[in-house]
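Step one of this worksheet: look at the structure below.
Where a number appears in this text, it was derived from the coordinates with a stated rule and is not lab data. Since this is a predicted model, take the numbers as computed values, not measurements. Ideal geometry is used to build each Cβ from the backbone, glycine not excepted, and the neighbour counts take in all protein chains shown.
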Amino acid sequence: MKLFPHAKINLSLYITGRGADAYHTIDTVFLPVSLYDVLEILPGEAAGFTCSQAKLENDDNLVIRARDLLQRERELPPASIHLTKYIPDQAGLGGGSADAAMTLWGLSRLGAPDMTREALQSLGASLGADVAVQFSHRPQRGRDRGQLLEELSCGKKFYFLIIKPRTGCSTAAMYSAWDRQGKITLEPEALEQRQQALADALAKGDSLALSGYLYNDFQALLTGEARESFLAARESLLQAGALGVSLSGSGSALFGLFSGEKERDLAWEKLGRTLPEGWRLFACESLDSPDPEISVILAAGGSGRRFGDPRGKLMIPLKGKPVLQHSLECFYNHPGVAEIIIAHRPEDEADIRRLIGQLPPRSWGNPCEIRLTPGGEERQASVARALDLCSRERVLIHDGARPYVKEEAVDACLLGLSEYPGLSLGVPSRDTIKICNEKGEVLETTDRSRSWLVQTPQAFRTRFLREAHESIKEAVTDDCSLLEKAGCRVKLIPGDEANIKITFPADIP
């Protein structure tokens with residue numbers, strides 16, 4: 001089972017005092033956004049917890065506490081849990097709370113399927129005030145400690161940039177600062193009017209109106225480096241075109257709201273080149289669904305001339321199934337993949353439709369639609385045709401002749417698209433690479449320490465890739481090259497040396 005705990009931002013956050021239990025009370029509007037961790041629950045294995053950040057593998061981790069809490073309520077089957085951490089901590093983005101919520105949800109589906117979301121939210125609230133809200137992908141108003149929730153309407157998708165400065169903020173320390181220096185900002189009637197106006201702007205999809213109601217009591221309590229970083233980041237976002245900027249939660253992350261996707265993306269590329277070392281910049285949107293939704297293009301239209309088999313290499317058996325089927329199943333089984341477009345040779349269409357017909361119904365995640373389109377004369381043309389059919393804002397492109405791709409590669413691409421508009425898997429080159437002319441004469445020897453061998457999948461924000469295909473007409477052999485030529489940021493992420501492309505008969509074991 002693979003789950004995607006999502007971050008949240010606080011469009012508003014007012015501290016309203018202390019309750020009878022001595023906890024601070026708040027009135028806040030939570031908005032879930034498309035920045036994720038990945039939580040994998042593997043039933044039937046010995047109970048255990050691992051994390052991509054070893055420092056988080058301790059008993060204080062909310063994943064472990066959530067598991068133990070549910071175990072005290074119900075007898076759960078053994079399961080191992082692995083967390084790939086991407087949402088930054090001490091940021092006010094609710095990453096730890098989201099991990100706890102999805103742990104409760106996932107484990108309950110395995111061992112206590114009768115437990116309702118409300119029952120799980122009640123359990124989660126004992127772990128932290130933000131846990132209850134993270135069971136939903138919809139905006140909510142939170143009161144009391146934040147656990148009394150009222151679902152709100154969202155009239156459109158909203159576009160944000162989130163900046164996480166190097167400095168983190170402790171929630172406990174920020175509330176202590178409020179105890180020493182803070183004051184109640186608005187009387188109840190004025191607060192209700194302002195929160196209602198924010199909810200109305202959210203429901204109408206009015207970005208400009210919404211920007212006028214962004215607020216956070218913690219902003220005035222920042223000191224030292226945290227305050228200096230906030231002021232510098234806020235100015236950067238406003239200069240880049242943000243309609244409004246606010247701190248999220250207790251900080252240190254802050255977000256800028258933009259009028260649309262294009263305006264946000266222009267600012268993303270500008271700020272991505274200028275932020276200080278150690279800061280992180282994320283492009284996010286409000287959520288339409290609980291899981292991320294990505295398009296996948298399988299490039300399967302090549303002639304396979306070098307392979308030397310008239311059947312083409314994609315239908316050659318490999319470990320009991322055609323080469324293409326391995327890649328198709330990997331993406332089909334990933335819960336974040338919402339659609340797959342296969343650019344194919346006309347003579348392979350019947351075989352590909354047969355493979356699609358053999359896929360079992362999906363038991364988890366988004367429904368997945370699979371469509372076919374004839375490939376072009378070259379790979380670049382095939383991808384362009386398939387790209388016209390993509391309906392999601394994120395797209396992965398994969399060579400159909402790379403059958404050894406793993407779900408972890410899909411996860412890495414999905415997460416990385418929050419920080420870069422284009423990225424690719426790759427492995428460092430083991431060999432020295434020389435650049436030659438047509439006569440074979442050496443013109444240049446590359447620096448092996450900086451040379452990578454590029455693989456697929458490659459991942460893109462769809463709008464960036466479409467614009468690159470439209471503006472760059474020279475031939476390229478991979479799609480990242482188009483973004484590079486268009487002047488966009490592209491990042492290489494570590495791949496797997498086993499993820500080879502089937503090119504010659506010797507590549508089939």
| request: Enumerate the calculated ³J(HN,Hα) couplings along the range 9-16 in order (Karplus 6.51 cos²θ - 1.76 cosθ + 1.60, θ = phi - 60°), each rounded to whole Hz, writing x wherever the residue is Gly or Pro. | output: 10, 9, 5, 9, 8, 10, 8, 10
| note | Any residue on another chain or 5+ positions along whose placed amide H is under 5 Å from the amide H of residue 280 is listed here as 164
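If each residue of separation counts as 0.36 nm, what is the full-extension length gain between residue 476 and residue 20 once their alpha-carbon separation is subtracted?
Values: separation 456, 0.36 × 456 = 164.16 nm, distance 6.57 nm.
Fully extending the segment from residue 476 to residue 20 adds 157.6 nm.
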| request: Only helical DSSP H runs with n ≥ 4 go in: add -39500 (n - 2.57) per run for the chain, normalise by residue count and round the 222 nm mean residue ellipticity to 500 deg cm²/dmol. | output: -9000 deg cm²/dmol
| message | Run through the range 177-234 and list the trypsin sites (Lys or Arg not before Pro) located in a DSSP loop whose Cβ has at most 13 other Cβ atoms within 10 Å. | response | 183
| task | Compute the FRET efficiency between residue 369 and residue 280 as 1/(1 + (r/R0)^6), taking r as their Cβ-Cβ distance and R0 = 30 Å, and round to the nearest 0.05. | result | 0.35
| remark: Here the FRET efficiency for residue 166 versus residue 506, based on Cβ atoms and R0 = 56 Å and rounded to 0.05, is 0.70
| query | Which three lengths, in whole Å and largest first, does the range 294-507 cover when its Cα atoms are put on their principal axes? | reply | 53, 40, 30
| remark: Summed over the other residues with a beta carbon less than 9 angstrom from that of residue 94, with K and R at +1 and D and E at -1, the charge totals 0
| remark: Taking every other residue with Cβ under 11 Å from the Cβ of residue 478 and scoring Lys and Arg +1, Asp and Glu -1, one gets -2
| remark: Between the residues 105, 210, 84, the Cα farthest towards the positive end of the dipole of the range 2-285, that dipole coming from +1 and -1 charges on the beta-carbon of Lys, Arg, Asp and Glu, is from 210
| What is the gain in length, in nm to one decimal, between residue 273 and residue 319 on full extension, counting 0.36 nm per residue of separation less the C-alpha to C-alpha distance? | 12.0 nm
| Stretch residue 347-residue 208 to full length: gain in nm at 0.36 nm per residue minus the Cα-Cα span? | 44.8 nm
| said: If you consider only alpha-carbon coordinates, what radius of gyration and Dmax does the range 2-285 have, in Å? | reply: 18.7, 54
| note | So for R0 = 30 Å, FRET eff. of residue 228-residue 82 from the Cβ-Cβ r, to 0.05, ends up at 0.20
| Assuming a viscosity of 0.692 mPa s and a temperature of 37 °C, what translational diffusion coefficient in µm² per second does Stokes-Einstein assign to the chain, Rh being the Kirkwood radius over Cα pairs? | 134 µm²/s
| task | For the range 2-285, give the magnitude of the charge dipole about the Cα centre (Cβ charges: +1 Lys/Arg, -1 Asp/Glu; no others), in debye to the nearest 20. | result | 440 debye
| query | Counting Lys and Arg as +1 and Asp and Glu as -1, each charge on the Cβ, what is the dipole of the chain about the Cα centre in debye, to the nearest 20? | reply | 560 debye
| task | Enumerate the calculated ³J(HN,Hα) couplings along the range 143-148 in order (Karplus 6.51 cos²θ - 1.76 cosθ + 1.60, θ = phi - 60°), each rounded to whole Hz, writing x wherever the residue is Gly or Pro. | result | 10, 6, 8, x, 8, 8
| query | Distance from the Cα centre of the range 180-249 to that of the range 63-131, in angstrom? | reply | 29 Å
| field | Exposure rule at most 13 other beta-carbon atoms within 10 Å, DSSP loop GluC sites (Glu not before Pro): the chain longest free segment | value | 76-276
| task | Pop out the ³J(HN,Hα) list for the range 454-471 in order, Karplus 6.51 cos²θ - 1.76 cosθ + 1.60 with θ = phi - 60°, rounded to Hz; leave Gly and Pro as x. | result | 7, 10, 10, x, 10, 10, 8, 6, 4, 4, 4, 5, 4, 5, 5, 4, 6, 9
